[in-house]
Amino acid sequence: MATARSIASLSLGFGLVSIPVRLYSATEGSATVHFNLLSKEGERVKQQYVSASDPQKVVPRAEMVKGYEFEKDKFVIFKPEELKALEEGASHLIDIVAFIPADAVDPIYYDKPYFLAPDKRGGKPYNLLKKAMLESGRCALAKWAWKAKQYVVQVRAQEEGLILQQLLYADEVRSLQDLEIEQLEPSASELKLALQLIDQISEESYDPTMFEDEEKKRILAAIDAKIAGEEIVATEHPEDAASGQVIDLAEMLKASLARHSTSGPKARPAAAKSSASPPAVTPLRSVSSKAKRAPKAPEKAAPAPSRARMKK
């Protein structure tokens, strides 16, 4: 992972105490597989913006400005320095307004997470707040203005430091009640079997290293096969064909218990997935996000260029 770079210098308001902190992004987007848009002849194409009133008029990006539509087709235009002033006009204070139990916020309200680290002369009050929240079992709710929007945020403590979690507003989260889901009561025997299955494949904690992006590996393997001159065919999914069948729920649960009991006690989810049949395109191999080489081509096929060369 790249060296962490601070996004902003802020202050965390804890009563009358102002804690200088620096803000860091807590997540890093994984390198996804990108496909380029090409013409049928294999030439790159580029996107252009045209005038809505005159589609023949191409507007260069350097000549574009931003505006706000206050009436139909009427805009007030902002200069770049004015837009920057709007963003910089926000307060740099993360203002704590309440402390609540650490698990009181439903994760459905979680948005983007950030790390908070102490800035100069902020080490002592920062660690005081962290330890106090850990011992009290509480997290903080705060208000924070960032990039022309005010957020409600949660500040929670871990032994390593503080995490700032942007929260969604109530009107940004849909309700399950809107779906009018039919509530059906399971039988006692079905519930007992379901609880046994849950116990059989339970883990005591979440280990993110247990999982990897298997879909990304499958796509990269298929690309390697395509470079080598093979045709790509869709993988069949037996579960799709069975999804519309009427099943005996209790019998399916019993079969699930029997399958897991033969694979050993409390099989980890990652190990359970390894028993699935491999993709039909080509056997999966260890392909890292930086993998560039194609698998060895058949003898009659011409040497294939690497994906790195194709992207140039």
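The values are calculated or read from the model by the stated rules, or taken from the named source; none is laboratory data. This structure is a prediction, so every number in the text was calculated from the model and none was measured. Because the Cβ atoms are built from the backbone with ideal geometry, glycine has one as well, and the counts that use them run over all protein chains shown. Note: areas computed on protein heavy atoms with side chains; ligands, DNA, RNA excluded. Shrake-Rupley method; radii C 1.70, N 1.55, O 1.52, S 1.80 Å.
Over the range 31-180, accessible surface divided per residue gives 78 Å², non-protein components excluded, 1.4 Å probe.
Kirkwood hydrodynamic radius for the range 1-92: how many Å is it when counted over pairs of different Cα atoms?
19.0
A 25 angstrom limit on the alpha carbon distance is what I want to check against. Which of Lys112/Lys226; Lys120/Lys143; Lys112/Lys216 exceed it? In this structure, Lys112/Lys226 lie more than 25 Å apart at Cα. Shown here for the range 132-193: trypsin sites (Lys or Arg not before Pro) in loop regions (DSSP other than H, G, I, E, B) with at most 15 other Cβ atoms within 10 Å, namely Lys147, Arg174. Heavy atoms only, probe 1.4 Å: what % of the accessible area of the range 1-140 goes to carbon and sulfur, would you let me know? Summing carbon and sulfur atoms, their accessible area is 55 percent of the total for the range 1-140.
For chymotrypsin sites (Phe, Trp or Tyr not before Pro), the sites in the range 43-114 that DSSP calls loop and that have at most 12 other Cβ atoms within 10 Å are Tyr49.
From Cα pairs below 8 angstrom and at least 6 apart in sequence, can you work out the relative contact order of the range 14-148, rounded to a whole percent? Don't skip to the end; give the middle numbers.
Working: 127 pairs, mean separation 50.3, N = 135.
Computed value for the range 14-148: 37 percent relative contact order.
Projecting the alpha carbon convex hull of the range 7-154 along each direction and taking the average yields 14.9 nm².
For the range 125-182, the list of chymotrypsin sites (Phe, Trp or Tyr not before Pro) that fall in a loop by DSSP and count at most 12 other C-beta atoms within 10 angstrom reads Tyr169.
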